[in-house]
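Novice: Following this message is one structure expressed as structure tokens.
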Amino acid sequence: MQQRKRFEILLLDAANTIMHKPALWCGFSTVLKAKHIAVDDLELRRKHKILSEVIPFPDQTSEDFYHTFNAELLLSLGIIPDEKLLKALFLECTYLPWQPFADTFSLKTLKIRKAVLSNFNSTLGDKIANMFGRDFFDIIIGSEEQQLSKPDIRFYQRAVQLLDIAPEKILYIGDSLKLDVIPAQSLGIDAWLIDRDKNYLNFNKRMNSLTAVAELMS
């Protein structure tokens, strides 16, 4: 990565950017193995990622939502969903605990203000505080509290307003081209894609790990 201009704030997406549910994939595989169905772990994650781009996650999820999402995920894997299987997936894989990605440790040494912008319910602040500490991020902006959500450009405009900083001074990182990178870039924000599974090799402003952020700021 080439040397970048000086940024004044690091803005990050939350789910699947700085925090994830690692037990999800194990739970999904456990249910399928009980049905004598084998699924490649990487294929599962990639299909889940693609569907997450197409099917918007609400701020407050429900059993009906997960039934709909998992039915589409199963179909994408060549598995015919039935009510019993969908129920088992819901019980095994839903509302699992969030955990920080291991590479977020690299952000702690960065001498820059940090903030979060996320499609998430009002519990976001407490979840992030429990994982990173209450002083790690200067501001946390969630969609439920703002009554706006990605990829609505107004959500990003609200973030710029709340941060009180010029868009070109913001370095933004998210895991979605559709929800994160494209709308952020349209405002002049320097937006990058975090792509740990290397799904988007044709996109040049991408990183495989958050450890690359330090180089962007150098």
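The values are calculated or read from the model by the stated rules, or taken from the named source; none is laboratory data. As the structure is a prediction and not an experimental result, all values here were calculated from the model. Counting neighbours? That spans all protein chains shown, and the Cβs are built from the backbone with ideal geometry, glycine included. Protein only, heavy atoms only, side chains kept; ligands, DNA and RNA dropped before computing areas. Shrake-Rupley method; radii C 1.70, N 1.55, O 1.52, S 1.80 Å.
Quick grid of which residues meet (1) within 28 Å of Ser209 (Cα to Cα); (2) in contact with a strand residue (DSSP E or B) (Cβ under 8 Å, 6 or more places away or on another chain):
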{"position": "Asp40", "(1), (2)": "yes, no"}
{"position": "Asp64", "(1), (2)": "no, no"}
{"position": "Leu86", "(1), (2)": "no, no"}
{"position": "Phe105", "(1), (2)": "yes, no"}
{"position": "Lys114", "(1), (2)": "yes, yes"}
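A quick yes/no check of all residues on (1) more than 28 Å from Thr61 (Cα to Cα); (2) modelled with pLDDT of 95 or more; (3) out of contact with any His (no Cβ under 7 Å at 6 or more places or on another chain):
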site: Tyr156; (1), (2), (3): no, yes, yes
site: Ala191; (1), (2), (3): no, yes, yes
site: Asn202; (1), (2), (3): yes, yes, yes
site: Leu216; (1), (2), (3): yes, no, yes
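Novice: Same structure, new question: Can you find a residue in segment 165-175 that is over 13 Å from Leu117 (Cα atoms), surrounded by 18 or more Cβ atoms within 10 Å (Cβ to Cβ) and in contact with a helix residue (DSSP H, G or I) (Cβ under 7 Å, 6 or more places away or on another chain)?
Specialist: Looking for residues that are over 13 Å from Leu117 (Cα atoms), surrounded by 18 or more Cβ atoms within 10 Å (Cβ to Cβ) and in contact with a helix residue (DSSP H, G or I) (Cβ under 7 Å, 6 or more places away or on another chain), one finds at least one in segment 165-175, hence yes.
Novice: Next question, about the same structure. From Ser76, Ser29, grab the single residue that is buried (at least 17 other Cβ atoms within 10 Å of the Cβ), closer than 29 Å to Asn208 by Cβ and under 22 Å from the mean Cα position of the chain (by Cα). Walk me through how you get there before you give the answer.
Specialist: Working: Ser76 fails: buried (at least 17 other Cβ atoms within 10 Å of the Cβ).
So the residue among Ser76, Ser29 that is buried (at least 17 other Cβ atoms within 10 Å of the Cβ), closer than 29 Å to Asn208 by Cβ and under 22 Å from the mean Cα position of the chain (by Cα) is Ser29.
Novice: Please list, ordered by first then second residue, the pairs with beta carbon atoms under 6 Å, 6 or more apart or interchain, first in segment 95-107 and under 19 Å from Phe57 (Cα atoms), second open to solvent by less than 60 Å² (accessible area, probe 1.4 Å) and assigned to a strand (DSSP E or B).
Specialist: Filtered contacts from segment 95-107: Trp98/Met19.
Novice: Would you say Asp41 is within 16 Å of Arg196 (Cβ to Cβ) and at pLDDT below 95?
Specialist: Taking the combined requirement at face value, the residue satisfies it.
Novice: What's the total number of residues in segment 1-55 that are among the aliphatic types (A, V, I, L, M), out of contact with any Lys or Arg (no Cβ under 9 Å at 6 or more places or on another chain), touching a residue at least 60 places away in the same chain (Cβ under 8 Å) and outside any helix (DSSP H, G or I)?
Specialist: The total comes to 2.
Novice: Okay, next question. Take the residues in segment 97-138 that are part of a strand (DSSP E or B), open to solvent by less than 30 Å² (accessible area, probe 1.4 Å) and not basic (Lys, Arg); name whichever of them is nearest to Ile55 (Cα to Cα).
Specialist: Here the answer is Ser118.
Novice: If Val181 satisfies every condition in (1) touching a residue at least 24 places away in the same chain (Cβ under 8 Å); (2) surrounded by fewer than 22 Cβ atoms within 10 Å (Cβ to Cβ); (3) within 15 Å of the chain's Cα centre (by Cα) but one, which is the exception?
Specialist: Exception for Val181: condition (2).
Novice: A follow-up question, please. Within segment 189-208, can you find the residues that are part of a loop (DSSP other than H, G, I, E, B) and open to solvent by 40 Å² or more (accessible area, probe 1.4 Å)? Walk me through it before giving the result.
Specialist: The initial filter retains those residues of segment 189-208 that are part of a loop (DSSP other than H, G, I, E, B), namely 189, 195-205, 208.
Arg196, Asp197, Lys198, Asn199, Tyr200, Leu201, Asn202, Phe203, Asn204, Lys205, Asn208, listed by residue number.
Novice: Could you say which residue among Met131, Met207 is more than 16 Å from Leu10 (Cα to Cα) and either modelled with pLDDT of 95 or more or in contact with a helix residue (DSSP H, G or I) (Cβ under 9 Å, 6 or more places away or on another chain) (or both)?
Specialist: None of the other options fit; the residue is Met131.
Novice: Hey, another quick one. Tell me whether segment 139-148 contains one or more residues that are surrounded by fewer than 14 Cβ atoms within 10 Å (Cβ to Cβ) and of a type in the set (D, E, K, R).
Specialist: Within segment 139-148, not a single residue is surrounded by fewer than 14 Cβ atoms within 10 Å (Cβ to Cβ) and of a type in the set (D, E, K, R).
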